[in-house]
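The values are calculated or read from the model by the stated rules, or taken from the named source; none is laboratory data. The structure displayed is predicted, hence computed values, not measured ones. Backbone-built Cβ (ideal geometry, glycine too); neighbour counts: all protein chains shown.
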Amino acid sequence: MRVFVTGATGFIGSAVVKELIAAGHEVLGLARSEKSAQALLAAGAEVHLGSLDDLDSLRKGTEAADGVIHTAFVHDFSDYAAACETDRLAVEAMGIALEGSGKALVITSGIALLAPGREGKEADTVADGAAASLRAKSEELVLSFAAKGVRASLVRLPPSVHGDGDHGFVPVIIDIARQHGVSAFVGDGKNHWPAVHRLDAARLFRLVLENGSAGSRYHGVADHGIPMKQIAEIIGRKLDLPLESIPPKNAAEHFGWIAHFVGIDCPASSAYTQSALGWIPVEKGLVEDLEEGTYF
């Protein structure tokens with residue numbers, strides 16, 4: 001299968017590219033710079049020049065492929081509404097290009113969009129709320145293409161997709177601990193983060209591309225829920241810093257833009273995903289990765 005991959009040189013997307021090529025697929029990767037293009041060529045992929053906000057390039061890449069995996073997102077939390085709208089327009093352009101084809105369109109979403117405080121499951125829809133509703137538009141849109149002849153589905157990923165080279169939420173929290181001289185958590189720290197290793201996530205994207213059902217949601221969850229206090233304890237020990245509880249009202253002052261995610265309680269299940277696709281996470285969990293990996 002010839003697969004068009006957005007975000008193909010990102011932390012997750014680059015692992016997806018390698019997984020697809022190892023499984024015998026051809027990859028057409030979206031690249032917006034010469035550096036990205038060279039990285040794709042080195043990985044054994046073809047290059048499709050363009051960007052997430054260049055809808056014409058997205059349509060052409062989609063039309064040139066047998067399926068699409070969309071991992072790109074503009075991680076600009078200072079203008080989250082604009083980032084979500086860019087994503088929605090990208091999904092719309094690719095979905096329209098695939099209408100009536102029966103081809104796969106797999107997009108990326110987040111576990112943290114589900115209602116907090118209970119175990120999130122694949123059948124759950126996005127919780128009410130301004131931030132969640134903005135990203136929910138892409139979820140709703142892609143699933144609507146299932147009724148238009150597209151094998152459209154989505155993969156929800158946890159707050160931590162970890163592994164060597166991670167530049168997501170966990171490294172940000174580690175940097176904040178260094179800056180403040182304490183390893184902190186919010187409140188009692190009993191809120192939970194699910195997690196998955198990026199190689200397990202990459203394998204899931206391939207399985208959804210190959211065997212996913214139209215209109216389905218899948219969860220890339222290995223660790224169902226790690227208490228944030230436990231994560232803070234490991235960071236504190238590794239950096240030789242004291243542990244500190246931050247009252248919820250002061251979380252934004254201490255953690256900045258990531259405060260919402262540090263305080264969220266979003267345990268999640270991947271039982272349906274594992275049963276439907278035979279996906280079994282085999283890589284190290286987040287706790288082991290923090291203890292033995294390259295984060296410090």
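Assorted remarks:
- Residue within region 149-167 that is touching a residue at least 12 places away in the same chain (Cβ under 8 Å), touching a helix residue (DSSP H, G or I) at 6+ places or on another chain (Cβ under 7 Å) and assigned to a helix (DSSP H, G or I) present: no
- Residue count, region 235-268 (criterion: closer than 15 Å to residue 192 by Cα and touching a Leu at 6+ places or on another chain (Cβ under 9 Å)): 2
- Top-ranked residue of region 216-229 - restricted to ones that are more than 22 Å from residue 282 (Cβ to Cβ) and of a type outside the set (D, E, K, R), ranked as nearest to the chain's Cα centre (by Cα): 216
- Failed item in (1) over 24 Å from residue 108 (Cα atoms); (2) assigned to a helix (DSSP H, G or I); (3) of a type outside the set (Phe, Trp, Tyr); (4) touching a Pro at 6+ places or on another chain (Cβ under 6 Å), with residue 200 passing the rest: (1)
- Hits in region 141-155 - residues which are polar (S, T, N, Q) and either under 13 Å from residue 218 (Cα atoms) or under 16 Å from the mean Cα position of the chain (by Cα) (or both): 153
- Here residue 49 meets the list (1) under 23 Å from residue 203 (Cα atoms); (2) at pLDDT 95 or above almost entirely, failing just condition (1).
- Selected residue [on the phi < 0 side of the Ramachandran plot, part of a strand (DSSP E or B) and within 19 Å of the chain's Cα centre (by Cα)] from 16, 47, 27, 5: 5
- Among residues of region 98-140 being polar (S, T, N, Q) and not in a helix (DSSP H, G or I), the one that is farthest from the chain's Cα centre (by Cα) is 101.
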